[in-house]
Structure formats: C-alpha cells, structure tokens
1. What accessible area, summed over both chains, is buried at the B-A interface (1.4 Å probe, Å², nearest 100)?
2. Could you please put B:HIS22, A:HIS64 in sequence from largest to smallest accessible area, using a 1.4 Å probe?
3. Give me the accessible area of A:THR109, 1.4 Å probe, in Å² rounded to the nearest 10.
4. Can you list the residues, at least 5 places off or on another chain, whose amide H is less than 5 Å from the amide H of A:LYS83, using H built in the peptide plane?
5. Subtract the Cα-Cα distance of A:ARG89 and A:TYR21 from 0.36 nm times their separation in residues, and report this length gain in nm to one decimal.
6. Please give the solvent-accessible surface of A:LYS57 in Å², to the nearest 10, using a probe radius of 1.4 Å with every protein chain present.
7. Taking the full set of protein chains and a 1.4 angstrom probe, give the accessible area of B:ILE147 in square angstrom, rounded to the nearest 10.
8. Using Cβ-Cβ distances only, list the Cys residues of chain A with no partner cysteine under 4.7 Å, sorted by number.
Amino acid sequence: MKLEEIMTRKLESIPSDASVYEAIEKMVDKRIRSLLVRSSHPAESDGVVTARDVVFKVLAKGLHPMKVRVGDIACRPLRCVSKDETVERVANLMEQSNVARVFVCDGGTVVGVVALMDILQAALVDRARNRHA
Amino acid sequence: MLKKFMRGDRKEEAALTAMHEHLDLLCAAGQALSELLSSGSKDLVEKIFDLERDGDAARRRVLSIIFEGAFLPYLRPNLCRFVELVDEAFDTVEDSARYFNLIPLHPSIADECRRIASFNRQMCEILILAFELAVRGEDIREQVLAIRILEKRVDDLKGDIEQKIHEVPVADFWQGKFYSDFLHNLTTFSDLIEDASDALYVLTVSFR
C-alpha cells in the first residue's frame, strides 16, 4: 500500500512567529495534536510542533505560552518521505526515528502527513482484505 | 456457517448464490462509479444503470427464495435486512452517477469525491469477502473493523468537502440541488455498507 492512499492531505499549519498560545488554540479548535510550523524567516526551516512539545517545553517549565514563539519549540528538520513510499518502510522509519508522524513531500512541497494511527488503520484494512490468519 | 442452518434442500444454496451475485453487481457498480469520477466517461453512467437493474432482479430473486421458505424462520428477517441494505447502497451508486451526469464536478472537491468513490469500492470488496467468510462459518470481525475504518475516512472527507463547498459556484437552484444530492448519495453509500456489515455480523453471532 502506498502512502498516497492513506495520508492526510489537509495540513494545519501556523507561522513560526506565532505564539505557542495561538498554536494551542488551533490544536484545541481543530482537535489535532500537531501543527506544521511554516518558517516566517528565510534563515529558518519548516518544522512541526506537537502537544508534547507544548507541554514539555513550555507548560511544564512554567513559561508563558503567549510569550514563547512557536518557532522556538518546533522540531526540525521535518521528516519527509516520498508519496510513493510504502507503508511498511515508513513504519520502520518511524520506529527508528521514534516519531509519531512523518510528512509526505513532493518536490520540496509538503503535500500530506501520515501519523501512527493512519499506519495502524492501513494495516488493519490490508489485513482484512488479504485475510491474514 | 449459514449452510449449517439450512434445512437440507437447495433453496438456501440458491439464495446464497443470488446474494453473492447481488454483491458482485454492487461491487461492479462501485468500480464503474470510481472510474466515472476519474474519467468522466458518460458511457459508464449507462453501465451503472444497467448494473442497478440487474441488482434489482437479484434482490427480488433472493427475497422470493427466502419467502418460499429458505433458511430457518428466525434467520429470515436479518437476511432480508442485509439484502435490503445492499440494495439501498446500490441505489446510492445509481443516484451518484445520475447526479454526477448533471453537474460539472468542481476541481476544488474533485479529489475528495474520487477518494470517497475509491474507499466505497474497497468497502464493497471487503463486504463480499466478509459474506464469503460468513457463509463458511469463519470470523468476520476483522472485515467489520476494516469497513468501520474506511467509513470513518469517508466521513472525514465529507467534512473536508463541507468546508470547501462554499467555493463551488452553482448556476441556479437546480444545479445546487443536484450537487447536494450527488454528494449525499456518494457519502451515504459507506454508511449503508457499514450497516450491512453490522447486520452480517449479527447473523454470524447468532449462529454461535
């Protein structure tokens, strides 16, 4: 099964100059746990911020989420894979890198995201279709 | 397992064969709809209409065999419900094709619609597999779960379309209605397949 078939194409993003509080608002509104952080400056690269980053790097340290730039806590670089990549290889990559999601890129543009839940569901559907014992 | 509850004559065998044929026709129609949304070939609309007519004939055949006395009485309501749900799903494929023929599919939602049609086709294939397993008395839990997962994906895509639908220009009231009916039918198919798989699961559970 190809990543293209299971990836989420709707990407929620936030500029790196936005505050962590704005990121929290967006995550709560959209009921998601991560955001693509688009660089606001040429020197910065795109990254990803997750609920885990917000809790561990800001809230747990007693920092004010309105005073911290989301770009300062984002994880970089983005882990990008090709949309033609297989689900199995991406699952292995996620295990090796200990990440819960990878971005699907096409010619330098992020076109989708695949999370652990997508991999899990794809594996279950594949199993049901192929009747594994 | 279904065969275990037969009463020894050939009516059950004929009913199961007709039910399988009904599902095969549904799958063929789902495949044709998926191709229609990708290629836009209007010949496929006629093909889907023909398949729906054949599906209606298969449904009538199944129901008449059941009413003639196939299967133990306590199984008949659930079997009929399963057949009716498959037939309702058939109607949504036919109506999707009909309304697609009347609208220009807007590029902003075209990809989502094609992906829904592809998921619908996959769900149909899994339902056939579940039916075959149920007839042999095997567990269909994995197939039921896979259908639920795909149904959720269709629901997500439906949500994406609803957010973008305001960007789609409509010429008049009727074009708007046809758009609405097309999207309603395209996205209702997965609900009906999920219901059909649940009905099949209830049947298999009742055999235990």
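The values are calculated or read from the model by the stated rules, or taken from the named source; none is laboratory data. Everything quoted here is computed from the prediction, not taken from an experiment. Here the Cβ positions follow ideal geometry from the backbone for every residue, glycine too, while neighbour counts run over all protein chains shown. The area values use the complete protein model at the heavy-atom level, side chains included, leaving out ligands, DNA and RNA. Shrake-Rupley method; radii C 1.70, N 1.55, O 1.52, S 1.80 Å.
1. Values: alone 9830 and 8380 Å², together 16770 Å².
Buried area (both sides, nearest 100 Å²): 1400 Å².
2. A:HIS64, B:HIS22
3. Estimated to the nearest 10 Å², A:THR109 gives 80 Å².
4. Here the answer is A:CYS105, since their amide H atoms fall under 5 Å of that of A:LYS83.
5. Values: separation 68, 0.36 × 68 = 24.48 nm, distance 3.52 nm.
Gain on extension, A:ARG89 to A:TYR21, equals 21.0 nm.
6. About 70 Å², ignoring ligands and nucleic acids.
7. Number for this one is 0 Å².
8. When partners are defined as cysteine Cβ atoms under 4.7 Å apart, chain A leaves A:CYS75 without one.
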